[in-house]
Amino acid sequence: MQVVDVLNLLDQWAPLTYSEDFDNTGLLVGDPKSPLRGILVSLDTLEVVVDEAIKEDCNLIVSFHPIIFSGLKSLVPKDYVNKAVLKAIKNDIAIIAIHTALDNVPHGVSATMAKVLGLENTRVLMPKEHLMYKLITYAPNQDAETIRQALFSAGAGALGNYQECSFNLSGTGTFKPLAGANPTLGQIGIQHSEQETQIQVSFLRHQKNDLIAALKKAHPYEEVAYDLIPLDQACPEIGMGLIGTLSQGLSFETLLENVKSGFHTGCIKYSQNNLKEINSVAVLGGSGSFAIDKAKALGAQVYITSDLKYHDYFKGQENFALLDIGHYESEQFTKDLIVEYLSKKITNFAPSLPRVKVLKSNVKTNPISYY
Ligand SMILES: [Zn+2]
C-alpha cells in the first residue's frame with residue numbers, strides 16, 4: 001500500500017473537491033508513491049505529533065486541519081508550522097489534510113456532534129453551492145437505455161431518495177463524417193440523419209471524470225457529443241453543519257449538562273434565552289458564526305458551534321440560543337471517525353498483505369486551557 005492509496009480512500013469518503021476554496025486539503029507533504037508502514041491520525045499536525053509518528057513508526061499523518069494553510073515562503077524552523085513540516089520532511093513522513101472535505105459530508109464532523117447529542121432526522125444546515133452539474137448527451141434511440149444505465153452506474157441521476165433520474169427527448173441528429181473518420185453510422189462525405197435521444201442527467205462535480213469515461217465507453221459513436229452545465233442550485237446532501245431533533249424535549253439546563261459531559265468542555269459560552277423545552281438543535285464543528293442566521297431560519301432553538309464573537313451573541317433571542325463549546329471540543333471526535341473509516345477500508349484493501357496500522361494520536365493538540 002502506498003500513501004496515494006490512502007489519499008484515494010479518503011477521497012471516496014470525503015471528496016477533496018468538496019473542500020472550501022480557502023482551504024488546503026490533500027497531500028501536503030511527502031511522496032505519494034511511498035510504501036506505507038503506518039498511519040497516525042491527528043486533529044492538528046504539530047511537531048509533537050510528528051515526534052509521535054516517528055516513535056510509532058508511522059510514515060503518514062492524516063490530519064484534520066492542514067498544517068500548511070496559507071503558503072510557506074521559507075523552510076527554516078522559525079515557527080510551529082515550519083518546525084512540524086521540516087521534521088516531517090527530514091523523517092520522510094507524509095502529511096494528508098482532509099479538513100473542509102470532511103466538514104461538507106453529512107457523515108463527517110457535524111455528524112459526530114449530532115451523535116453525541118442523539119440528534120435524529122438530521123439534514124444539512126448549509127447546503128453547498130456550485131457542486132451540481134448537468135450532463136446532456138445524444139444517443140441513437142436503440143442505444144439510449146444502455147447509455148442511461150452506464151451514466152447511472154457512474155453515479156449520475158441521484159436526487160435525495162431517488163435514483164436513476166433522467167430526462168429524455170427525441171429528435172434528429174445530423175453529422176457528416178470527413179475523410180479519416182470511422183463512423184459507426186453513415187458514410188464518409190455524406191450528411192447523415194439519425195433519430196436520437198437527448199439524455200439529461202445531473203451529477204456532482206467529483207463524479208465528472210468517471211461519468212465522462214463511462215459515457216464514452218458505452219456510446220457507439222467515434223466522437224461523443226455532450227454538454228456539461230454548472231447548476232446554480234445548492235446540493236441538499238452536501239454542506240456544513242446539521243440540524244436535527246432530539247428524541248425527547250430537554251430543558252436548557254439539561255441540554256447544557258449533556259453538552260458539557262458529552263464534549264468534555266471546560267467552558268460553555270451561551271447567549272441569553274428563555275427556552276423552556278428544546279427539540280430542535282443545529283450543530284456545526286469548528287468556527288460556525290457564518291451559519292447563525294441559517295440555523296435560526298431553519299427553526300433551530302439551539303445552535304452549537306465554536307469561535308463566536310461578542311457581537312454574534314446578540315443574534316440570540318428568547319427562543320434561540322447560541323452555544324460556543326470550543327473549537328477543539330467541537331471537532332475532537334473527528335480523529336475517531338477517521339481512524340474507524342481507515343481501519344475498516346485498509347483491512348479490506350489487500351487482505352493478503354500485512355495490515356498497515358492505523359493509530360489515533362494521543363496528543364491533545366488543543367492550544368486553549370480553561371481556568
Ligand atoms: Zn477546525
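Please treat every number below as a calculation from the coordinates, not as lab data. Only a predicted model underlies this, so the values are computations on that prediction, with no experimental measurement involved. Virtual Cβ from ideal backbone geometry, glycine too; neighbours counted across all protein chains shown.
Observations
- Sorted by Cβ neighbour density within 10 Å, fewest at the top, the residues Lys217, Lys357, Lys87, Lys73: Lys73, Lys217, Lys357, Lys87
- Sum of side-chain charges, Ile292 neighbourhood, beta-carbon under 9 Å (Lys, Arg +1; Asp, Glu -1): +1
- Full extension of the chain segment joining Leu353 with Tyr370 gains 1.5 nm, where the gain is 0.36 nm per residue of separation less the Cα-Cα distance.
- Efficiency of FRET from Cβ geometry, Asp336 and Phe314, R₀ 35 Å, rounded to 0.05: 0.50
- Proximal charge balance of Ile199 [Cβ under 13 Å; K/R count +1, D/E count -1]: -3
- Judged by the mean number of other Cβ atoms found within 10 Å, the most tightly packed of the peptides 122-132, 40-50 leads the ranking 40-50, 122-132.
- Calculated [θ] (222 nm, deg cm²/dmol) that DSSP helices of n ≥ 4 give over the chain, each run adding -39,500 (n - 2.57): -8000 deg cm²/dmol
- Cross-link partners of Lys260 among lysines, defined as those whose alpha carbon lies under 17 angstrom from its own and excluding same-chain residues fewer than eight positions apart: Lys115, Lys269.
- The convex hull around the C-alpha trace of the stretch 132-233, projected and averaged over every direction, spans 6.7 square nanometres.
- Around Gly239: net Lys/Arg minus Asp/Glu count, Cβ-Cβ under 11 Å: -1
- Centroid-to-centroid, using Cα positions, the stretch 106-135 and the stretch 235-306 are 14 Å apart.
- Between Lys90 and Tyr162, the modelled labels are 5.9 nm apart [label points 7 Å from Cα along Cα→Cβ].
- Note on the chain: Rg/Rh from C-alpha atoms, Kirkwood Rh, equals 1.07.
- Fewest-first sequence of Tyr270, Tyr226 by Cβ atoms within 10 Å of each Cβ: Tyr226, Tyr270
- The length gained by stretching the chain between Gln2 and Gln187 to full extension, at 0.36 nm per residue less their Cα-Cα distance, is 61.7 nm.
- Here Cys235, Cys58, Cys267 are placed in order of increasing Cβ neighbour count within 10 Å, fewest first, which gives Cys267, Cys235, Cys58.
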